[in-house]
Amino acid sequence: MALPTTITSARTASEHRADHQTLHAQHNQTLNVKTFGATGDGTTDDTTAVQSAWTAAVAIGAAMYFPAGTYVIANLSFSSNNKPVTLFGDGWGSVIKQKTGAMYAVSINGSSSNATLNPTGITIKGLRFVGTVATDLFSEHFHLLNINAVSDVLVSGCWFEGWRGDGIYLGSSNDGATERHNRRVRIVDSFFDGINNDNRQAISIIDCWNLNISRCTFRRCTRTDMPGAIDVEPNPLDLFPVTWDINISDNQFEACGGGVGVVTIYLPETQASLTSDNSSLIIRGNQFRNDVVVDGGASIRLIQQQSPPGAATPPNTIIIADNVCTNGKRPFHIDGLRGVIIHDNIFDKMAGSSFVGETRGCRDVSVHHNMFMDCGSVQTAALILYNATGVSVDHNKFINCGTATTGIMILVKDNSTFTDLSVQGNEYTGPRCTDVVAKGTGVVTTASSNTYYNNKASSTVTSAIVATGLFGHTPVAVIV
């Protein structure tokens, strides 16, 4: 047989190296993105090279390694994978730099309503993602890491810096009538620095079932017309929203802003109208310091829109526990929810009052074993109760709350409608305390449904007045 006299297709040296690296990876399961032509020089667009590395990695379930350097990336798109894939670098010296004008640095997208067909088993660790907010300014929908319809994702030990929209966006589908879901996502041990409080969120959660955000640091995130550093907010146009089993724990928030709250849960529909309940949410063990939210904002703000919760409304089952909030605007603000437990938190030097049921009312809320210290310095009261049924305020400590002249520990606000209020076992101390429980004008309540027992005021309080006509018995202010 005669040998061919011409070469019909020539292969470059880089292609040969890529083939060699792919074969080698089948043994050691690691692909170096530089083998596929990435430079990491901070100037060259490395998107095509890294995309090629992904294609090779997903075929064999290999890891993608980014040696120290700066990789300029524009709209890198990852989709289906047959085997788990890891993207990792040499710590924060391995930089993924979002190219100017790119909507995303990295985007991972599934395409099926069946979550079992999601891209799955993706780990991102030891990488630094850098956005362009300092030069390109704010733009709401320009994100560093965009994730839609994925399962079993781990983001660990990463740095997100200077994003224009979100640091991480956990979305669903661009079409509200198309069902897409995220499942089992963990974002841990990572650092989020918005650099100038001119972004949307550090993390936006539109849809996720089983999400854990823990041991992360958030600083200088979010402008005043956006919600907050972490925003759980299903799209109101989605027909299939799921925000269930979300755990935000052991994080630190420093100098974070927002127009709603540092951590915001904003549910656009009532539980009864949803195809899946937005429930089982935990905010635990976090530290909030020196927030710069707007005057009406809070460290933790939980809102459910539409109709007030009724006796048949499924509970949201939200726990706010073991957090420390210092030098901020307002500890918490909850409205429109049923089934919220707030316990064992420390609220220190918070200028505003905590609110329950301001607009839409609340049902079945427990505020117990918390410490309120120097809270309400601009609103006279540590805790303001609006419209609600079944609120218990038990075994809390209120220390020197209120203004210099008026300190109200618990205020039932003007023109509110209230039943089944329990105030038991609380302690009130400090010279600012003038009223233990105060009632505004026009309050509508059934006094026999409300109870006041075993509350104590220290001898340092100015007075210990308990509002009349609010409880079904004559309350006794015990001075110790």
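The values are calculated or read from the model by the stated rules, or taken from the named source; none is laboratory data. Here the structure is a predicted model, which is why all the values come from computation and not from measurement. Virtual Cβ from ideal backbone geometry, glycine too; neighbours counted across all protein chains shown.
Restricting attention to the stretch 105-118, does a residue exist that is surrounded by 24 or more Cβ atoms within 10 Å (Cβ to Cβ) and within 10 Å of ARG164 (Cβ to Cβ)? No, the stretch 105-118 contains no residue that is surrounded by 24 or more Cβ atoms within 10 Å (Cβ to Cβ) and within 10 Å of ARG164 (Cβ to Cβ). Just one residue in the set THR389, THR380, THR359 is closer than 19 Å to THR441 by Cα, touching a strand residue (DSSP E or B) at 6+ places or on another chain (Cβ under 8 Å) and surrounded by fewer than 18 Cβ atoms within 10 Å (Cβ to Cβ); that residue is THR359. Considering the stretch 432-450, and only residues there that are part of a strand (DSSP E or B) and crowded, with 17+ Cβ neighbours inside 10 Å, the residue that is modelled with the highest pLDDT turns out to be THR445. Within the stretch 363-386, residues that are farther than 19 Å from THR429 by Cα and touching a residue at least 24 places away in the same chain (Cβ under 8 Å) sit with their Cβ atoms under 6 Å from residues that are part of a strand (DSSP E or B) and aliphatic (A, V, I, L, M), at 6+ positions apart or across chains, in these pairs: VAL365/VAL340; VAL365/VAL356; VAL365/VAL391; SER366/ILE341; LEU385/VAL356; LEU385/VAL412.
Just one of ASP198, ASP189 is modelled with pLDDT of 95 or more and in contact with a Gly (Cβ under 6 Å, 6 or more places away or on another chain); which is it?
The unique qualifying residue is ASP189.
Residues of the stretch 3-16 include at least one that is at pLDDT below 95, touching a helix residue (DSSP H, G or I) at 6+ places or on another chain (Cβ under 8 Å) and at negative phi. Taking the criterion of being within 28 Å of the chain's Cα centre (by Cα) and either aliphatic (A, V, I, L, M) or not in a strand (DSSP E or B) (or both), would at least one residue in the stretch 396-404 satisfy it? Yes. Filtered by the rule that a residue be touching a strand residue (DSSP E or B) at 6+ places or on another chain (Cβ under 6 Å) and of a type in the set (Gly, Ala, Ser), the stretch 283-306 gives GLY285, GLY297, ALA298, SER299. Only residues that are surrounded by fewer than 17 Cβ atoms within 10 Å (Cβ to Cβ) and over 22 Å from the mean Cα position of the chain (by Cα): list them for the stretch 298-327, please. Across the stretch 298-327, the qualifying residues are SER307, GLY310, ALA311, ALA312, PRO314.
Kindly establish whether CYS401 is closer than 23 Å to GLY352 by Cβ, modelled with pLDDT under 90 and buried (at least 17 other Cβ atoms within 10 Å of the Cβ). Spelling it out, it is not the case that CYS401 is closer than 23 Å to GLY352 by Cβ, modelled with pLDDT under 90 and buried (at least 17 other Cβ atoms within 10 Å of the Cβ). If I filter the stretch 280-292 for residues that are out of contact with any helix residue (DSSP H, G or I) (no Cβ under 7 Å at 6 or more places or on another chain), of a type in the set (Ser, Thr, Tyr), surrounded by fewer than 19 Cβ atoms within 10 Å (Cβ to Cβ) and at pLDDT 95 or above, do I get at least one hit? No, every residue in the stretch 280-292 fails to be out of contact with any helix residue (DSSP H, G or I) (no Cβ under 7 Å at 6 or more places or on another chain), of a type in the set (Ser, Thr, Tyr), surrounded by fewer than 19 Cβ atoms within 10 Å (Cβ to Cβ) and at pLDDT 95 or above. Go through the residues of the stretch 145-158 one by one and say whether even a single one is acidic (Asp, Glu) and either closer than 21 Å to PRO234 by Cβ or touching an Asp or Glu at 6+ places or on another chain (Cβ under 6 Å) (or both). No - not one qualifying residue is present in the stretch 145-158.
So for the stretch 183-203 (the condition being among the small types (Gly, Ala, Ser), touching a Lys or Arg at 6+ places or on another chain (Cβ under 6 Å) and surrounded by fewer than 24 Cβ atoms within 10 Å (Cβ to Cβ)), does at least one residue qualify? Within the stretch 183-203, not a single residue is among the small types (Gly, Ala, Ser), touching a Lys or Arg at 6+ places or on another chain (Cβ under 6 Å) and surrounded by fewer than 24 Cβ atoms within 10 Å (Cβ to Cβ).
The residue that is nearest to the chain's Cα centre (by Cα), among those in the stretch 40-57 that are among the charged types (D, E, K, R) and in a strand (DSSP E or B), is ASP45. Inside the stretch 451-474, can you point out the residues that are outside any loop (DSSP other than H, G, I, E, B) and either closer than 16 Å to LEU385 by Cα or not aromatic (Phe, Trp, Tyr) (or both)? THR451, TYR452, LYS456, ALA457, ILE465, VAL466, listed by residue number.
Residues of the stretch 313-351 that are out of contact with any helix residue (DSSP H, G or I) (no Cβ under 7 Å at 6 or more places or on another chain) and not in a strand (DSSP E or B): PRO315, THR317, ASP322, ASN323, LYS329, ARG330, PRO331, GLY336, LEU337, ASP344, ASN345, ALA351.
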